[in-house]
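Just so it is clear, none of the values below were taken in a lab; they were calculated from the coordinates. If you're wondering where the values come from, they're calculated on a predicted model, not measured in any experiment. Glycine gets a Cβ as well: all are built from the backbone with ideal geometry, and neighbour counts include every protein chain shown.
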Amino acid sequence: MLTRVEQLRAQLAQKNLTGILITNPPNRRYLSGFTGSEGLLLILESTAYLCTDFRYLEQAAQEAPGWEVVKLDRPWTETVKKLVPSGSRIAFEAEFLTCARYRELEQEISGVEWVAEKGLVEKLRARKDAEEIKRLREAIRLTDDGALYLKSWLKPGLSEKDIALELEFYLRRRGASGPSFPFIVVSGPRSSLPHGRPSERRLVPGDIVTVDFGVIYDGYCSDLTRTFILGPPAPEQKALYDLVLAAQERALALAGPGVPAASVDASAREVIARAGYGDYFGHSLGHGVGLEIHEAPHLSSSSTEELQPGMVVTVEPGVYLPGSGGVRIEDVILITEHGREVLSQAPKHAFVL
Ligand code: ZN
Ligand code: ZN
């Protein structure tokens with residue numbers, strides 16, 4: 001764990017900062033290993049403090065060896081004040097410190113310069129290490145199993161809610177600690193809702209059914225979308241499915257180290273636009289997955305990031321035709337030294353039921 005802290009310290013030194021206050025929970029876990037729900041990290045040049053309340057002191061000491069565990073006083077600024085040397089320049093996570101808490105720091109602790117920073121730890125988290133990749137593989141294996149399980153019992157008569165519930169039970173029984181986001185199950189005309197919540201609608205023959213789901217395994221998230229067709233597909237359903245698959249395959253083939261994330265997004269978008277459906281693919285192509293379901297890097301037209309080995313991202317083009325239906329296909333890939341490995345293995349061609 002300390003190597004992560006060392007990497008962060010190197011970034012701080014470049015910015016002339018003497019420390020950082022970490023208040024974003026996934027960043028706290030990433031740096032320290034501490035999984036409790038309350039606490040903050042204060043990383044200075046030579047000491048790393050994990051401050052938490054009475055409930056988590058024992059757990060913190062177990063989960064975060066090498067960290068100085070400190071009990072959080074009330075008010076919390078008292079604890080921080082005791083640890084921060086006067087004259088320090090300390091970064092804080094601008095996106096994860098409330099305005100009220102920032103004011104408390106400013107008012108209660110004199111002689112310290114508080115500097116707003118964004119994305120320092122998130123940048124480190126974007127490239128996964130071997131241990132993280134192992135957990136991600138396991139989370140993804142569970143979702144692959146889930147997709148096969150779905151295929152074995154998806155049938156007319158079931159409601160979208162039934163499907164989401166049964167799938168979640170199955171995945172939890174298989175070892176998932178929980179869903180990584182509320183499952184999306186949309187069918188028939190509702191399949192044009194990219195993020196529709198499961199409804200009471202019951203499946204009927206001929207439906208397109210899009211299921212987007214993921215689990216948390218040992219803290220790490222998976223994310224998978226498969227689109228099923230109930231019965232022999234109508235020609236326009238097959239054309240739509242094949243179009244989305246072709247767009248995805250093009251992006252999968254392009255993704256690799258040194259490739260701008262925006263070009264991967266563009267590669268899939270071009271395929272869909274050329275077929276005349278550009279206006280119906282309104283979201284970005286993909287996102288990083290790790291401790292959070294959506295994290296850096298982002299595969300979108302506005303992204304300025306380049307893919308690098310160790311990044312784990314989704315590739316999920318979709319086409320959504322309002323009132324008629326939609327298709328999305330999503331896989332998770334690992335960027336390697338020479339290309340990419342598609343981590344999700346659930347079949348894509350065999351999902352006509
Ligand atoms: Zn998804
Ligand atoms: Zn996704």
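Among the numbered criteria (1) of a type outside the set (A, V, I, L, M, F, W, C); (2) over 30 Å from G33 (Cβ atoms); (3) part of a helix (DSSP H, G or I), which one does Y170 miss?
(2)
Only one residue in P194, P189 is out of contact with any helix residue (DSSP H, G or I) (no Cβ under 7 Å at 6 or more places or on another chain), under 22 Å from G282 (Cβ atoms) and within 16 Å of ligand 2 (Cβ to nearest atom), so which one is that?
Unique residue meeting the criteria: P194.
What number goes with the only condition from (1) in a loop (DSSP other than H, G, I, E, B); (2) under 17 Å from G19 (Cβ atoms) that D73 does not pass?
Of the numbered conditions (1) in a loop (DSSP other than H, G, I, E, B); (2) under 17 Å from G19 (Cβ atoms), the odd one out for D73 is (2).
Go through region 173-192 and count every residue that is assigned to a helix (DSSP H, G or I), surrounded by fewer than 19 Cβ atoms within 10 Å (Cβ to Cβ) and of a type in the set (D, E, K, R).
So the answer is 1.
How about region 111-163: which of its residues are over 20 Å from the mean Cα position of the chain (by Cα) and part of a helix (DSSP H, G or I)?
If the condition is that a residue be over 20 Å from the mean Cα position of the chain (by Cα) and part of a helix (DSSP H, G or I), then L148, Y149, L150, K151, S152, W153, E160, K161, D162, I163 are the ones that fit.
Scan region 266-286 and give yes if some residue there is closer than 17 Å to A126 by Cα, in contact (Cβ under 8 Å) with a residue 40 or more places away in the chain, hydrophobic (A, V, I, L, M, F, W, C) and within 13 Å of ligand 2 (Cβ to nearest atom), otherwise no.
No.
Can we say D207 is in contact with a helix residue (DSSP H, G or I) (Cβ under 7 Å, 6 or more places away or on another chain), of a type outside the set (S, T, N, Q) and closer than 20 Å to P347 by Cβ?
Yes, satisfied.
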